[in-house]
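Working notes, beginning with the structure itself.
The values are calculated or read from the model by the stated rules, or taken from the named source; none is laboratory data. If you're wondering where the values come from, they're calculated on a predicted model, not measured in any experiment. Here Cβ is always computed from backbone atoms with ideal geometry, including for glycine, and neighbour counts include all displayed protein chains.
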Amino acid sequence: MALSLTGADRYSPEKLPLLEQHVDEQVANRTWNLDANVALLRFYQFSPASVKPQLIVKILVKAIMQAPNPDYKYCITLLPERLQQVDESIFKAVQLANALETSRFGDFWTTANTCRDLLGSIPGFYESVRGFIAHTLVHTYGRVTKRTLADCLKLEGATLDQYLSDKCRAAGWSIVNTPAGDVVALPKNDYNQSVVKRSQELIRFEQVAPMLKAVTVGF
């Protein structure tokens, strides 16, 4: 569905059913329209009686899937604090986002396990989240143990092995066998390498001339 969202017309009451329908279309088609979703959330701000929490939570979950892009922050700032607390599904979506943002991946999967029906109804959610977790690990560490990676991604056995095989082939990951167990070497980048920075300061002669004069007196 093509939406025309220009000027004040985007908040016209006639647009509300189209914006709400578009949320479900994005879920079904694995698409994302930040502009349309922000317009719907702003409409709900102006008309609290029209709020549909089941659509809001879908927007939030879809926004989480856009990480590391800041789309979730754009959306959550439009929701009243009260609504984030009183609706259980919205509250859990907020918990999921906060856990991911702070790299508390264990907490994320614990919360995700309590709302599997919701998350399972959003195609591509787990794939997108694992992509973000992998992105975070690559930009933080040069090497991680296979066990740590399994815990972060919540993958085990053949599924984990296939994931690693795909990453080794397409993303430059590699597996190193050590006496303590398998270690996954991640691609080097500007963020996961220790860099010693050297600075050079230009000192003018007139700055050191008095000191040199004092040292040479008596020679």
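Please find, within segment 78-109, the residue that is modelled with the lowest pLDDT out of those that are among the acidic types (Asp, Glu), more than 14 Å from residue 132 (Cβ to Cβ) and assigned to a helix (DSSP H, G or I). Break it down stepwise before answering.
Just the residues of segment 78-109 that are among the acidic types (Asp, Glu), to begin with: 81, 87-88, 101, 107.
Now drop any that are not more than 14 Å from residue 132 (Cβ to Cβ), which leaves 81, 87-88, 107.
Okay, now just the ones that are also assigned to a helix (DSSP H, G or I), so 81, 88, 107.
Numbers: 81: 88, 88: 94, 107: 98.
The residue in question is 81.
If you take the residues of segment 111-163 that are among the aromatic types (Phe, Trp, Tyr) and either crowded, with 17+ Cβ neighbours inside 10 Å or in contact with a helix residue (DSSP H, G or I) (Cβ under 8 Å, 6 or more places away or on another chain) (or both), which of them is nearest to residue 29 (Cα to Cα)? Let's see the steps before the verdict.
Let us first name the residues in segment 111-163 that are among the aromatic types (Phe, Trp, Tyr), namely 125-126, 132, 141, 163.
From what is left, the residues that are either crowded, with 17+ Cβ neighbours inside 10 Å or in contact with a helix residue (DSSP H, G or I) (Cβ under 8 Å, 6 or more places away or on another chain) (or both) are 125-126, 132, 163.
On the way: 125: 13, 126: 16, 132: 20, 163: 24 Å.
This residue is 125.
Looking at segment 96-110 only, could you name the residues that are surrounded by fewer than 19 Cβ atoms within 10 Å (Cβ to Cβ) and either of a type outside the set (Phe, Trp, Tyr) or within 17 Å of residue 76 (Cβ to Cβ) (or both)?
Filtering segment 96-110 for residues surrounded by fewer than 19 Cβ atoms within 10 Å (Cβ to Cβ) gives 98-99, 101-104, 106-107, 109-110.
Within segment 96-110, 98, 99, 101, 102, 103, 104, 106, 107, 110 qualify.
When you go through (1) in a strand (DSSP E or B); (2) under 17 Å from residue 99 (Cα atoms) one by one for residue 177, which number turns out not to apply?
Result: residue 177 fails condition (2) only.
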